[in-house]
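Okay, so here's the structure we're looking at.
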Amino acid sequence: MDIKGFTFSAVEAAVKKPGRLDLALIYSEVPAQVAAVFTTNAVKAAPVLLDEERVKRGTSRGLVVNSGNANACTGARGMSDAKETTALVAAGLGIGPEELLVSSTGVIGVPLPMERIRSAIPALVGTLGKSTLADVASAIMTTDTFPKLQSRAGVAGGVPYTVAGVAKGAGMIMPNMATMLAFIVTDAAVEPALLQQLFRDAVDCSFNSITVDGDTSTNDTALLLANGAAGNPVITAGSGDAAAFAAILNEVLLELAKQIVRDGEGATKFVAITVRGAASDADAKKAAMAVANSSLVKTAFFGQDANWGRIFAAVGYSGAKVEQLKAELFFDDVQMVRNGLFTGGDAEARGTEVLRKKDFTVTVDLHLGDGISTVYTSDLSYDYVKINADYRT
């Protein structure tokens, strides 16, 4: 994976416990255009509040991130610790602290162990360039069971470029940009306003279209850094290069988002929920997200119970326009409901067979318009409860 102008570092700081990488640095050799989307939770972690201010500069040299501690609900000390972390790293790099962003993930309400972080920063800066983006993906994991990494190559003006990203998240996932972090880097040169718009659009179709448990974190952060080191002509709005870049960016973000769902805490199923024929795309999204978040639906998926009535109920309370006797429902290609009524026959048995698969699709057709949306979810298992019952220990 060749991403020009970016270097990486990942070290062990024992933020929560020893024995793993948990402090990472993404650094751009030149100022990079920055696009960002943050949590909509009214309770925001100190790193989110600090980054919301710093991204207003429009450029950044990189990001320092820790796992094991969210630095959320930590008051004035939390903000001071976030600023000190960036100041120490920036000093080692010879740049201004305002040029660095910061992110944290882990337990809420516990101050950062700054003495351990301070001790690890010299190694973090000193080994810059000796780690890979995959190492960063490992360092930001909490309850994740595998690192999440994705990249794509593109060409603009005849010049090749790369878009690559990492993400973390397995629980507390329903971004309303969940606990979710995503950091995307590209060596493409992209017009700043276009970069932000394309990033927001890509987030809406990816990280804002997944749910594991319906919880939106205090720390959700998605960042995109574009440093132009590939040397391509600047990608501008309305061009063919812009459309191609958008497609590649969407692919990277969607694959990372799907990896988060596949790694959902205790998950045994990966389910795509598509609502089509809605009065609008917004209505389709409401209905699909209601189904994807329903605990009754998700437990039925885990139990491999073809309980289509729970899905219809969720669509009905979603706030989307619904005419019951027009609606249809499918598990993969098995039609369970036609004109609002159970199709009968062997549909129950065939539908149950679909639900026994690890991956499947639920499709609801409302037959009211052209609105369509797909969201991705997991089931709700015994292990989800076990993981979250003792998360802090």
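The values are calculated or read from the model by the stated rules, or taken from the named source; none is laboratory data. As the structure is a prediction and not an experimental result, all values here were calculated from the model. Note that each Cβ is placed from the backbone with ideal geometry, even for glycine, and that neighbours are counted across all protein chains shown.
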Selected residue (criterion: modelled with the highest pLDDT) from residues of the range 182-236 that are within 13 Å of the chain's Cα centre (by Cα), among the small types (Gly, Ala, Ser) and part of a helix (DSSP H, G or I): ALA202
Within the range 271-301, which residues are surrounded by fewer than 20 Cβ atoms within 10 Å (Cβ to Cβ) and touching a Phe, Trp or Tyr at 6+ places or on another chain (Cβ under 8 Å)? ALA272
Exactly one of (1) modelled with pLDDT of 95 or more; (2) over 30 Å from GLY266 (Cβ atoms); (3) of a type outside the set (S, T, N, Q) is unmet by GLU353. Its number? (2)
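Conditions (1) in contact with a Pro (Cβ under 6 Å, 6 or more places away or on another chain); (2) surrounded by fewer than 18 Cβ atoms within 10 Å (Cβ to Cβ); (3) among the charged types (D, E, K, R); (4) over 17 Å from TYR376 (Cα atoms), marked per residue:
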position: GLY309; (1), (2), (3), (4): no, yes, no, yes
position: ALA314; (1), (2), (3), (4): no, no, no, no
position: GLY319; (1), (2), (3), (4): no, yes, no, yes
position: VAL334; (1), (2), (3), (4): no, no, no, yes
position: VAL337; (1), (2), (3), (4): no, no, no, yes
position: LYS358; (1), (2), (3), (4): no, yes, yes, no
Residue identified as among the aliphatic types (A, V, I, L, M) and at pLDDT 95 or above among VAL34, VAL43, VAL48: VAL34
Out of LEU124, LEU133, LEU112, LEU100, I need the residue that is under 27 Å from the mean Cα position of the chain (by Cα), aliphatic (A, V, I, L, M), within 30 Å of SER378 (Cα to Cα) and crowded, with 21+ Cβ neighbours inside 10 Å. Which one? LEU133
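Could you check the range 312-393 for strands (runs of 3 or more DSSP E) lying wholly inside it with 3 or more residues that are polar (S, T, N, Q)?
Numbers: elements: 328-331, 334-338, 359-365, 371-378.
Per the criteria, 371-378.
Yes or no, residue by residue, for (1) within 26 Å of ASP263 (Cα to Cα); (2) of a type in the set (Lys, Arg):
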{"residue": "LEU329", "(1), (2)": "no, no"}
{"residue": "GLY344", "(1), (2)": "no, no"}
{"residue": "ARG356", "(1), (2)": "yes, yes"}
{"residue": "HIS367", "(1), (2)": "no, no"}
{"residue": "THR377", "(1), (2)": "yes, no"}
Does ALA13 satisfy the criteria of being closer than 16 Å to ALA137 by Cα and either buried (at least 16 other Cβ atoms within 10 Å of the Cβ) or in contact with a strand residue (DSSP E or B) (Cβ under 6 Å, 6 or more places away or on another chain) (or both)? yes
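When you look at VAL102, is it in contact with a helix residue (DSSP H, G or I) (Cβ under 8 Å, 6 or more places away or on another chain) and in a strand (DSSP E or B), yes or no? If you could, list the steps in order and put the result at the bottom.
Working: in contact with a helix residue (DSSP H, G or I) (Cβ under 8 Å, 6 or more places away or on another chain): yes; in a strand (DSSP E or B): yes.
So VAL102 passes the test.
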Tally of residues being aromatic (Phe, Trp, Tyr) and within 22 Å of ASN208 (Cα to Cα) across the range 277-312: 1
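Take SER151 and tell me if it is in contact with a helix residue (DSSP H, G or I) (Cβ under 9 Å, 6 or more places away or on another chain), in a strand (DSSP E or B) and within 18 Å of ASP81 (Cβ to Cβ).
Numbers: in contact with a helix residue (DSSP H, G or I) (Cβ under 9 Å, 6 or more places away or on another chain): yes; in a strand (DSSP E or B): yes; within 18 Å of ASP81 (Cβ to Cβ): no.
Here the answer is no, as SER151 does not meet what is asked.
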Whether any residue in the range 154-165 is of a type outside the set (Gly, Ala, Ser) and either within 27 Å of GLU265 (Cα to Cα) or at pLDDT below 95 (or both) is what I want to check. no
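Scan THR221, THR186, THR236, THR274 and give me the residue that is among the polar types (S, T, N, Q) and not assigned by TED's automatic domain parsing to the domain that holds ILE140. Steps first, answer last, please.
Values: THR221 fails: not assigned by TED's automatic domain parsing to the domain that holds ILE140; THR186 fails: not assigned by TED's automatic domain parsing to the domain that holds ILE140; THR236 fails: not assigned by TED's automatic domain parsing to the domain that holds ILE140.
After ruling out the rest, the residue left standing is THR274.
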Scan of the range 113-148 for residues that are among the aliphatic types (A, V, I, L, M), more than 30 Å from VAL234 (Cβ to Cβ) and assigned to a helix (DSSP H, G or I), ordered by number: MET114, ILE117, ALA120, ILE121, ALA123, LEU124, VAL125, ALA139
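Can you confirm whether ALA76 is surrounded by fewer than 24 Cβ atoms within 10 Å (Cβ to Cβ) and either modelled with pLDDT of 95 or more or part of a strand (DSSP E or B) (or both)? Break it down into steps so the answer makes sense when it comes.
On the way: surrounded by fewer than 24 Cβ atoms within 10 Å (Cβ to Cβ): yes; either modelled with pLDDT of 95 or more or part of a strand (DSSP E or B) (or both): yes.
Against the criterion (surrounded by fewer than 24 Cβ atoms within 10 Å (Cβ to Cβ) and either modelled with pLDDT of 95 or more or part of a strand (DSSP E or B) (or both)), ALA76 qualifies.
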Listed by first then second residue, the pairs whose first member lies in the range 259-278 and is of a type in the set (Gly, Ala, Ser), whose partner is in a strand (DSSP E or B), with beta carbons under 6 Å and at least 6 positions apart or on separate chains, are GLY264/SER378; ALA267/SER378; ALA272/THR361; ALA272/THR374; ALA272/TYR376; GLY277/ASP365; ALA278/GLY371
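Answer with yes or no whether ILE372 is modelled with pLDDT under 95 and either assigned by TED's automatic domain parsing to the domain that holds ARG276 or farther than 14 Å from ALA292 by Cα (or both).
Details: modelled with pLDDT under 95: no; either assigned by TED's automatic domain parsing to the domain that holds ARG276 or farther than 14 Å from ALA292 by Cα (or both): yes.
Against the criterion (modelled with pLDDT under 95 and either assigned by TED's automatic domain parsing to the domain that holds ARG276 or farther than 14 Å from ALA292 by Cα (or both)), ILE372 does not qualify.
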